[in-house]
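Here, each number is a calculation from the coordinates, and none is a lab measurement. Because the structure is a prediction, the values reported are computed rather than measured. Ideal geometry is used to build each Cβ from the backbone, glycine not excepted, and the neighbour counts take in all protein chains shown.
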Amino acid sequence: MSHLKVAVDGPGGAGKSSVCKEVARRLNLLYIDTGALYRTVGLYVKRAGIDPADRDAVVASLPALSIGVRAEQGRQIILLDGAPVGDEIRTQEISMYASRVSAIPEVRAKLLDYQRGFAEEFDVILDGRDIGTVIFPDAQVKIFLTASPEARAHRRYLELTAKGVEVTEESVLAEMNERDRADSTRESAPLVAAADAVTLDTSDLDFEGSVDAVISLIKAQRYALTPEKKKKIKREKRSYRFFYYTLGWLVRFFHRIKVTGRENVPRSGGCILCSNHIAILDIFSIGASVPRPINFLAKRELFKVPILSFLIRSAGAIPLERKKTDLGAIRRSVELAANGNLVAIFPQGHRQPGKNPADTEFKSGAALVAYRAGVPILPVCIRLKRQKYRIFRRTEIFIGKPMSAEELGFVNGGSAEYREAAAKVFSEICRLGNFEKTLPAPTETDA
Ligand code: DC
């Protein structure tokens, strides 16, 4: 699979670099600030005493330009002639140099391959002016991040004064308007939103709000469905409802279910339902207790059983290979949840009839799916009641409150976080059903 490419373009001061840096940290992407590359060329030209408006002189100086990049603790360090450039590229004077040199096609060509190279190895987020139009026209996610000139000038003013640079808000606004004009009217790669980019205006958003909005856009675009897939999901929902309405009475006749916490099921939006697993019939008990269609993850073998296979396939079940990490099933679950569906996963992997769930093992795939899709987890405990006649199954279903990303402890994702989140969910499942870990009987030495 090719790596994820997120292209964020927009005018200066829209908050691109600070927002992208934080988004990269939270989603585990490599962040590349392409403006810093142009700024470095600006610094190089200035050091060489070349007038940035003298195109021929700038082009003639390019063969000797040597830029390097190093990643240090997730931060991009740019090297000019082997030495880090630091804050020297952030002055207003260098902004103007960068704007001038970036209008020269030869400069852009020199930096193009270099920017493309990153995406061959990593999932990346790049911010700049032409990422979605020229560098990565094939980016899976394209965002045009903007804000009013006044809002942008105000932010840049705060940023510069915090660094001790003496400026007035008026001069920053004037410089910004001039740079906007130059960047969007130049002939070579002018600043325009790609036709397929989503525009996000951050004038009225604070930093956190902008980060959240960008993350939601990334998830929505990354997992955007084709019209055919949307139609297929609609069809599956229709079949699901049909089966539950027609077969539901039969299930409920043989199968007495007492449900607690039905009101906790979110009526809309993506969600992962996690339940302990006792019997194949669990899918019917849970299905009959939850007032919206569910996409169940079901072991691949069930898709080979005649009739059953037809039923579950047409009702939107997701086939799962249990012997290995099934990336296809994970991707499909993430896609469905990110698009507002309820996906059910049994974290124990196998049915564990007659066992106290608190004493069983569980996996963390459901947490990974919830993290990637950016949706909560709904803990559910299913408990078998004592029954007189085997044919009449009696179950109790306890539905807990949805657990948010924050409650699950997600920060940057990763296997340690998924394991911890899965443990929290599983202990909530056990708590709902009043299951406690069976402690070994005390030995004589204990006593
Ligand atoms: O985003 P910034 O302010 O650091 O960018 C500095 C200059 O570089 C800006 O005037 C436009 C130019 N630039 C560009 O032309 N293409 C890019 N991909 C990034 C920046």
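Observations on the model:
- Proximity of backbone amide H atoms, modeled 1.01 Å from N, is registered between LEU273 and VAL343, ALA344, ILE345, LEU378 at under 5 Å, excluding neighbours fewer than 5 places apart on the same chain.
- Here is the list for region 121-163: trypsin sites (Lys or Arg not before Pro) lying in DSSP coil, each with at most 16 other C-beta atoms within 10 angstrom of its C-beta, are LYS163.
- The helix-based estimate of mean residue ellipticity at 222 nm for the chain, built from -39,500 (n - 2.57) per DSSP H run of four or more residues and divided by its residue count, is -13500 deg cm²/dmol to the nearest 500.
- Relative contact order of region 317-395: 23 percent, from C-alpha pairs under 8 Å at least 6 residues apart in sequence.
- Reduced Cα scattering model of region 126-261, Debye log10 I(q)/I(0), q = 0.19 Å⁻¹: -1.20
- Two numbers describe the Cα atoms of region 83-161: Rg and Dmax, which are 14.8, 38 Å.
- Using 0.36 nm per residue and subtracting the Cα-Cα separation, the extra length available between GLU321 and VAL411 on full extension is 29.5 nm.
- With neighbour counts taken as other beta-carbon atoms within 10 Å, the residues HIS3, HIS277 rank, fewest first, as HIS3, HIS277.
- Normalised by 2.2 N^0.38 Å, with N the number of residues, the alpha-carbon radius of gyration of the chain equals 1.25.
- Charge dipole magnitude, Cβ of K and R +1, D and E -1 - region 125-215, Cα centre, debye nearest 20: 240 debye
- Sequence-separation-based contact order of region 285-337, relative, with Cα cut under 8 Å and 6+ spacing, percent: 32 percent
- Label-point separation, ARG431 to ARG241 (7 Å along Cα→Cβ), nm: 3.5 nm
- Full extension of the segment from GLU166 to ARG256, taken as 0.36 nm per residue of separation minus the current Cα-Cα distance, would add 24.9 nm.
- Of all DSSP bridge pairs formed entirely within region 1-158, close to 40 percent run antiparallel.
- Pairwise alpha-carbon distances in region 280-370 exceed 21 Å for 32% of all pairs.
- Viscosity 1.306 mPa s, temperature 10 °C, Stokes-Einstein D of region 1-107 from Kirkwood C-alpha radius, µm²/s: 107 µm²/s
- Where chymotrypsin sites (Phe, Trp or Tyr not before Pro) in DSSP loops with at most 11 other Cβ within 10 Å are excluded, longest remaining stretch of the chain: 1-388
- Modelled FRET efficiency - R0 60 Å, THR438 with ALA83, Cβ distances, 0.05 increments: 0.40
- The GNM of the chain, with springs linking C-alpha atoms under 10 angstrom apart, assigns the highest mean-square fluctuation among LYS299, LYS437, LYS363 to LYS437.
- Selected from GLY270, PHE254, PHE243, residue furthest toward positive end of dipole (region 237-279; charges at beta carbon): PHE243
- DSSP-defined antiparallel bridges as percent of all bridges, region 67-206, nearest 5: 65 percent
- Largest-first principal axis extents, alpha carbons of region 294-447, Å: 55, 46, 30
- For VAL6, residues with placed amide H under 5 Å, excluding near neighbours: VAL124, ILE125, LEU126
- When the chain is treated as a GNM with alpha-carbon contacts under 10 Å, the residue of ALA83, ALA344, ALA298 showing the greatest mean-square fluctuation is ALA83.
- Alpha-carbon centroid distance for the pair region 276-327 / region 250-265, whole angstrom: 18 Å
- Inter-part distance, region 354-373 to region 121-147, computed on C-alpha centroids, equals 36 Å.
- Phi to ³J(HN,Hα) by Karplus 6.51 cos²θ - 1.76 cosθ + 1.60 over region 130-145, Hz, x for Gly, Pro: 10, 5, x, 9, 10, 6, 10, x, 9, 4, 5, 10, 10, 10, 10, 9
- Cα coordinate range in region 236-290, projected on the principal axes (Å, largest first): 30, 26, 20
- Measuring nothing but how far apart in sequence close Cα pairs (under 8 Å, 6+ apart) lie, relative to its length, region 189-334 scores a relative contact order of 22 percent.
- Relative to the 2.2 N^0.38 Å rule of thumb, region 19-81 has a C-alpha radius of gyration ratio of 1.37.
- Spacing of the two label points (7 Å from each Cα toward its C-beta) at PHE392 and LYS299, in nm: 3.0 nm
- Beta bridge orientation in the chain: antiparallel %, DSSP, nearest 5: 25 percent
- Kirkwood hydrodynamic radius of region 206-334, from inverse mean 1/r over distinct Cα pairs, in Å: 16.8 Å
- Measuring against 18 Å, Cα to Cα, the residue pairs LYS21/LYS142; LYS299/LYS323; LYS258/LYS355 contain LYS258/LYS355 as the ones spanning a longer distance.
- Here is what passes the span test in the chain: the DSSP H helices with alpha carbon length of 18 Å or more along the helix axis and a Kyte-Doolittle mean of -1.0 or above are 34-47, 105-121, 207-222, 415-432.
- Neighbour-count order for SER95, SER17, SER314, fewest beta carbons within 10 angstrom listed first: SER314, SER17, SER95
- Reported value for region 159-207: 124 Å³ per residue, from the convex hull of its C-alpha atoms.
- Summarising the amide proton neighbourhood of THR260: residues at separation of 5 or more, or on other chains, whose placed amide H is nearer than 5 Å comprise ILE397, PHE398, ILE399.
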